[in-house]
Protein chains: 2
Amino acid sequence: MGDPFPREVFVVGVGMTAFGRHEGKTIQDLGPEAVRAALADAGLGYEAIETAYCGHVLQGSTAGQRVLYELGMTGIPIFNVENACASGTSALRAAALAVGHGIADVALACGFEVMGRGAIPTGGDARLERGAPAGVAPLPALFSAVFRAHAERYGTTLEQLAAVTVKNRAYGAKNPRAQFHEAVTLDEVMASREVAPPLRLLMCCPTTSGAAAVVVASADVARGTRKPIRIVASVLRSDPAIDRGDALAGITEINSAAMRAAFEQAGVRPDQLDTAEVHDCFSIAEIIHYENLGLCARGEGGRFAEQGIKDARVKVSTSGGLLAKGHPLGATGVAQTVEAVEQLRGESGERQVQGARLALAHCQGFGGAAGVHIFAK
Amino acid sequence: MGDPFPREVFVVGVGMTAFGRHEGKTIQDLGPEAVRAALADAGLGYEAIETAYCGHVLQGSTAGQRVLYELGMTGIPIFNVENACASGTSALRAAALAVGHGIADVALACGFEVMGRGAIPTGGDARLERGAPAGVAPLPALFSAVFRAHAERYGTTLEQLAAVTVKNRAYGAKNPRAQFHEAVTLDEVMASREVAPPLRLLMCCPTTSGAAAVVVASADVARGTRKPIRIVASVLRSDPAIDRGDALAGITEINSAAMRAAFEQAGVRPDQLDTAEVHDCFSIAEIIHYENLGLCARGEGGRFAEQGIKDARVKVSTSGGLLAKGHPLGATGVAQTVEAVEQLRGESGERQVQGARLALAHCQGFGGAAGVHIFAK
């Protein structure tokens, strides 16, 4: 197996809050809960953290400090890292770089978001808002355009999107920290209201608040911890395609490039993965990520969702994914790591993938960044 | 001289826009102008940049991508870094870490901000807003409290604050990129209106838009460039004191700790500095930074502003500082680097400090972060 860093990097502690609406809660409530859980899992105190990277999008200036000062006034460097929906994976990438290149022996990556209804950031980028009908939130409209392009080119159907939701909601029903605890049927997904025609509500991730944290450490530190998991690939890319105004290219090129780079770093093939958390902000996105990952040929994602995924070695979005677990923007990439690590430790309860040894996590901040990490037991 | 990194780090290119109101301009106008200038100065194309760190506070999600996509779609990792008024110095610190630890051979640090009138972020932190009278912007009120505490304890006077403004405006009059091009007299400063009593308008930095960029590179790359300047200290700290609710401690402890650490890294003494850009967001701040730097004893900053600074070896805020050059939040720490590098190269025109060999730059995001860099010829 390859190595993305000059020295080995391990996740030695993971923690997260339940994801959900959390009405009335603040980041000072949620963030410290996740960090304390990650530290307890690692068997380390906050004073062991040498540097911290905090992913968030909507929480205002120095939000990371507001969260971490609840844990201690140790004076460590704190960086607030923002890359839209890839903010959490960017924080993890930064923490992994810090440990892997000897900047720190113990680094914290955390992510958190408190979101009101309908809070979808576009950064005011006209390229992200292009083609959004008045009164429709830009991202659902954009992914509706992605679906229509994919359907026109490859024959992908709404029922195939619904199949993704059914799978992820079934996983979510087995994850006590998921926002949605009920499984749904194909008919229920198809009968949910249209939010960005023809996309139905249950084909879109909900609005979510929550926090997640991981402690990243060197081999020396990891040796003293309970169940360290190694990071064998870590990639962050910005967009090569957004200026072409092609929504479908915007979800294929950056992600497949980042995933290919991650497989190369780790020296593994897609068919060796046991689990994969992908950025299923919309059901159509997960379908295209099957293709991006190389689990099926380009254009075959819809059919793979209906037929292939059941028999595939890799189990996708076992946490419930963004569709069922929820998507508190800055927390998502970190929470994906929590799922990957727990699966590799064999601590995923009812949704455990037996014998899992290799797990991937992927996030995309549309137009801005894609991050991919691969973890190995 | 010491070394803060496993391998040497150089600034090989600097660029910035003029600072000012820039009515109607966007970050896509200002940011690329600064980055192109820095690349041209380095003699490098944008494709040479391997990773980028973008400092900003108010520009929304993935603002760094919106700026850098104007220069090319190279797919490199772009991190948006936020630490309030220390966002720019945090971006520089991240880029220096990347080169110094072998993550990249060429990294970009840039910072930019487009600000409307009265846009002062506090991140909603009640600790920063404590004690702010209704109708007065929190930061002027906070620094008014800092002044009153310093005056009560040490006898510091408003005239001493005015002396700082007079000095920095005189420097600004010699800096073509400063927001204010006119020198002012002590009487004019004292006669300007009270904005946070007893602080006068000209004792507070203005609201500013602008952008700055620096190219950071390894020794191998630096050898091929025109006038590389070495980074001999790089420090970022979060706050050890804000939870005590003591405004004066909030501007002494974090900054003096960060400055001491920087002097130790570089293996130099304060009296060896030739220039220092400090975070003079208010005149009282520069006075306390004289003390934090060790240019005078604790409590002597006011008297040093009137009498000591004239004869000191170190020239402070030669760019005009935040008071005259302006303070576009995310750009400030990067622009301080532009001034330091130009001084060490002997390219500062009318405000050149003859024979400058050692320059310091310091930024504080109040309550969140302090960053210090020392540069050597």
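Just to be sure before I move on: is B:LYS377 out of contact with any strand residue (DSSP E or B) (no Cβ under 9 Å at 6 or more places or on another chain), surrounded by fewer than 23 Cβ atoms within 10 Å (Cβ to Cβ) and of a type in the set (D, E, K, R) in the structure I sent? Show your work before the answer.
On the way: out of contact with any strand residue (DSSP E or B) (no Cβ under 9 Å at 6 or more places or on another chain): no; surrounded by fewer than 23 Cβ atoms within 10 Å (Cβ to Cβ): yes; of a type in the set (D, E, K, R): yes.
Against the criterion (out of contact with any strand residue (DSSP E or B) (no Cβ under 9 Å at 6 or more places or on another chain), surrounded by fewer than 23 Cβ atoms within 10 Å (Cβ to Cβ) and of a type in the set (D, E, K, R)), B:LYS377 does not qualify.
Once region A:72-90 is narrowed to residues that are over 21 Å from the mean Cα position of the chain (by Cα) and either touching a residue at least 60 places away in the same chain (Cβ under 8 Å) or within 7 Å of another protein chain (Cβ to nearest Cβ) (or both), the residue that is nearest to A:THR337 (Cα to Cα) is A:ILE78.
Tallying residues that are touching a helix residue (DSSP H, G or I) at 6+ places or on another chain (Cβ under 7 Å) and touching a residue at least 24 places away in the same chain (Cβ under 8 Å) within region B:180-208 yields 14.
Taking (1) more than 13 Å from chain A (Cβ to nearest Cβ); (2) among the charged types (D, E, K, R); (3) crowded, with 22+ Cβ neighbours inside 10 Å in turn, B:ARG269 satisfies each apart from (3).
So, in region B:1-28, how many residues would count as being more than 21 Å from A:HIS101 (Cα to Cα) and out of contact with any strand residue (DSSP E or B) (no Cβ under 6 Å at 6 or more places or on another chain)? Even if it seems obvious, please write down each step before you answer.
First, the residues of region B:1-28 that are more than 21 Å from A:HIS101 (Cα to Cα): B:1, B:12-28.
Going one step further and asking which of them are out of contact with any strand residue (DSSP E or B) (no Cβ under 6 Å at 6 or more places or on another chain), we end up with B:18, B:20-21, B:23-26, B:28.
Here the count works out to 8.
For every residue, the table says whether it meets (1) in a helix (DSSP H, G or I); (2) aromatic (Phe, Trp, Tyr); (3) in contact with a strand residue (DSSP E or B) (Cβ under 9 Å, 6 or more places away or on another chain); (4) more than 12 Å from every other protein chain (Cβ to nearest Cβ).
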{"residue": "A:LEU30", "(1), (2), (3), (4)": "yes, no, yes, yes"}
{"residue": "A:ARG36", "(1), (2), (3), (4)": "yes, no, yes, yes"}
{"residue": "A:LEU39", "(1), (2), (3), (4)": "yes, no, yes, yes"}
{"residue": "A:GLU47", "(1), (2), (3), (4)": "yes, no, no, yes"}
{"residue": "A:CYS54", "(1), (2), (3), (4)": "no, no, yes, no"}
{"residue": "A:ARG66", "(1), (2), (3), (4)": "yes, no, no, no"}
{"residue": "A:GLU70", "(1), (2), (3), (4)": "no, no, no, no"}
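Within region A:232-256, which residues are without any contact (Cβ under 8 Å) to a residue 60 or more places away in the chain and either of a type in the set (A, V, I, L, M, F, W, C) or in a strand (DSSP E or B) (or both)? Listed by number, the residues that qualify are A:ALA241, A:ALA249.
Taken over region A:335-357, the criterion of being part of a helix (DSSP H, G or I) and over 13 Å from A:ILE374 (Cα atoms) is satisfied by A:ALA335, A:GLU342, A:ARG345, A:GLY349, A:GLU350, A:ARG351. Take A:GLY88 and decide whether it is modelled with pLDDT of 95 or more and on the phi > 0 side of the Ramachandran plot. Judged against the criteria, A:GLY88 is not a match. Residues of region A:249-260 that are aliphatic (A, V, I, L, M) and surrounded by fewer than 19 Cβ atoms within 10 Å (Cβ to Cβ): A:ALA249 alone.
One residue stands out in region B:251-266 among those that are over 24 Å from B:GLY320 (Cα atoms) and touching a Lys or Arg at 6+ places or on another chain (Cβ under 8 Å): the one that is farthest from the other protein chains (Cβ to nearest Cβ), namely B:ALA261. If A:GLN307 satisfies all but one of (1) among the polar types (S, T, N, Q); (2) under 27 Å from A:LEU248 (Cα atoms); (3) surrounded by 23 or more Cβ atoms within 10 Å (Cβ to Cβ), what's the number of the condition it fails? If we test A:GLN307 against (1) among the polar types (S, T, N, Q); (2) under 27 Å from A:LEU248 (Cα atoms); (3) surrounded by 23 or more Cβ atoms within 10 Å (Cβ to Cβ), just (3) comes out false.
The values are calculated or read from the model by the stated rules, or taken from the named source; none is laboratory data. The structure presented is a predicted model; accordingly, all values stated were derived computationally and were not measured. Reconstructed Cβ throughout: ideal geometry from the backbone, glycine too, with neighbour counts over all protein chains shown.
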